[in-house]
Amino acid sequence: MSGGARLVGTVDVVGAKNSVLKLMAAALLAEGTTTITNCPEILDVPLMADVLRSLGCTVDVDGDTVTIDVPAEPGAQADYKSVSKLRASVCVLGPLVARCRRAVVPLPGGDAIGSRPLDMHQAGLRKLGATTEIEHGRVVATAETLRGAQIWLDFPSVGATENILMAAVLAEGTTVIDNAAREPEIVDLCLMLSQMGAKIDGVGTSTLTVHGVTGLAPTTHRVIGDRIVGATWAFAAAMTRGQVTVRGVDPHHIDLVLDKLRSAGARTDIEAGGFTLTMDGRPRAVDFVTLPYPGFATDLQPMAIAVSAVADGTSMITENVFESRFRFVDEMVRLGADARTDGHHAVVRGVDRLSSAPVWASDIRAGAGLVLAALCADGVTEVWDVEHIDRGYPRFVENLRSLGAEISRVSVDPER
């Protein structure tokens, strides 16, 4: 791709990657056909479909619609080959324990952004009455009966909240999850579960109270817009001094992002289901600190570093969620960024223009951040391993082209 273009135009955001995969897993909780719409056409959706097929489900992926037919007795053992390809596959653990009273789930794969242990997932399930252990690289959970419990999470883990929640909806009695994650994707999952017949209080707060029911029914549910993708386009507009209208996402889900970019000099026009961000000059340096929602999302940390790399002044970015996410900084330095890391801090001194270089995408968000940085670089930049980006950003190259970027995708194996 060639840098220098000012991005101008409109881009549509579809369903959230961090929601759709969990909603697909939630379908396991009810026998029959569940339909999920507004699904992003990303690689992770068919991968999760394969996980569900390995459990005996019939899954049809047709554009932005996924139809899941769940048998009366789903399988309890997920296929290693399918699970190993994406981290989110671990979210079948809670539904399987709830429906089958047994789950065997290989330790999942996914992005190389740091350790994400399953300790809180297992501890929560044990509180509900399950027995869990790691055997031969697999999580094995069994339970004769699940009973409601008071569960306190040491950290508001999204994955642990989801697994415990999906197990608790079919447990006997009442479960209270304290210090639960509050992400919009958790709210989306709660809404779908409620449509299926679950009884959940405190949705959107840090305390979820789940009144167990004896059974759930299949449903049809529309995935919320992807706030991470929407925010990525906001950063792209700010970095290229452009004007981009983003549709299909709730702007209140990224209030903090838009506030940071306003501090950097951008103007924002908010409307129902979208926003327009305009940046007329060079961004001003601002600091970023990643925290669980409603804090600044760790998934957007690469974009924060990218905008800081071309900002006027010095920024400090603090990463509090994933310890290995700063590995992306080395690739930014190859593009001419003046960036240094120390523990969970990065100090970035902005330069007026980056320089082209071949770089490597280590994960979904790092790949997107490198592409945004390349839009602000002199010459032609090559970004390798872009299949990571495909796991989180549907039609990424096509959308960038529509906004005026000079970018193309080539299927050439890198010489390493």
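Residues that are among the polar types (S, T, N, Q) and within 17 Å of the chain's Cα centre (by Cα) within the range 23-64 comprise just one, ASN38. On the basis of being in contact with a helix residue (DSSP H, G or I) (Cβ under 8 Å, 6 or more places away or on another chain) and outside any helix (DSSP H, G or I), does VAL371 make the cut? No; evaluated as a whole, the condition is false for this residue.
Checking each residue in the range 69-91 for being modelled with pLDDT of 95 or more and under 20 Å from SER19 (Cα atoms) picks out ASP69, VAL70.
Filtering the range 394-416 to residues that are in contact with a helix residue (DSSP H, G or I) (Cβ under 6 Å, 6 or more places away or on another chain) and assigned to a loop (DSSP other than H, G, I, E, B) leaves ILE407, ARG409. Inside the range 199-217, residues that are touching a helix residue (DSSP H, G or I) at 6+ places or on another chain (Cβ under 6 Å) and under 14 Å from ALA167 (Cβ atoms) make up a count of 3. Scanning the range 135-152 for residues that are surrounded by fewer than 19 Cβ atoms within 10 Å (Cβ to Cβ) and either aromatic (Phe, Trp, Tyr) or within 14 Å of VAL92 (Cα to Cα) (or both) returns ARG138, VAL140, THR142, TRP152. On the given criteria, is LEU165 part of a strand (DSSP E or B), touching a residue at least 40 places away in the same chain (Cβ under 8 Å), within 19 Å of PRO292 (Cβ to Cβ) and of a type outside the set (Asp, Glu)? No; evaluated as a whole, the condition is false for this residue. Apart from one condition, THR232 fits all of (1) among the β-branched types (Val, Ile, Thr); (2) surrounded by 24 or more Cβ atoms within 10 Å (Cβ to Cβ); (3) free of Cβ contacts under 8 Å to residues at least 40 places away in the same chain; the exception is (3). Scan the range 321-335 residue by residue and report those that are under 16 Å from VAL359 (Cα atoms) and surrounded by fewer than 19 Cβ atoms within 10 Å (Cβ to Cβ). The answer is ARG327, ASP330, VAL333, ARG334.
How about the range 349-368: which of its residues are surrounded by fewer than 21 Cβ atoms within 10 Å (Cβ to Cβ), outside any loop (DSSP other than H, G, I, E, B) and among the small types (Gly, Ala, Ser)? Selection gives SER355 alone. Name every residue in the range 236-255 that is in contact (Cβ under 8 Å) with a residue 40 or more places away in the chain and within 17 Å of the chain's Cα centre (by Cα), in order of residue number. If the condition is that a residue be in contact (Cβ under 8 Å) with a residue 40 or more places away in the chain and within 17 Å of the chain's Cα centre (by Cα), then GLY248, VAL249, ASP250, HIS253 are the ones that fit.
Contact map, the range 58-71: first residue touching a residue at least 40 places away in the same chain (Cβ under 8 Å), second residue surrounded by fewer than 17 Cβ atoms within 10 Å (Cβ to Cβ) and of a type in the set (Gly, Ala, Ser), Cβ cut-off under 6 Å, separation 6 or more or different chains; pairs are PRO71/GLY56.
Quick check on ASP378: is it assigned by TED's automatic domain parsing to the domain that holds PHE328, in contact with a strand residue (DSSP E or B) (Cβ under 9 Å, 6 or more places away or on another chain), more than 28 Å from THR290 (Cα to Cα) and not hydrophobic (A, V, I, L, M, F, W, C)? Answer is yes for this residue.
Looking at THR219, THR207, just one residue is touching a strand residue (DSSP E or B) at 6+ places or on another chain (Cβ under 9 Å) and buried (at least 17 other Cβ atoms within 10 Å of the Cβ), and that residue is THR219. Taken over the range 308-344, the criterion of being in a helix (DSSP H, G or I), in contact with a helix residue (DSSP H, G or I) (Cβ under 7 Å, 6 or more places away or on another chain) and farther than 14 Å from ARG365 by Cα is satisfied by ALA309 alone. Of all residues in the range 284-307, those being of a type in the set (Phe, Trp, Tyr) and either part of a strand (DSSP E or B) or not assigned by TED's automatic domain parsing to the domain that holds LEU370 (or both) number 2. Restricting attention to the range 269-281, the residues being surrounded by fewer than 17 Cβ atoms within 10 Å (Cβ to Cβ) and touching a residue at least 24 places away in the same chain (Cβ under 8 Å) number 3.
The values are calculated or read from the model by the stated rules, or taken from the named source; none is laboratory data. These numbers were taken from a predicted model, which means no experiment stands behind them. Heads up, the Cβs are rebuilt from the backbone with ideal geometry, glycines too, and the neighbour counts pull from every protein chain shown.
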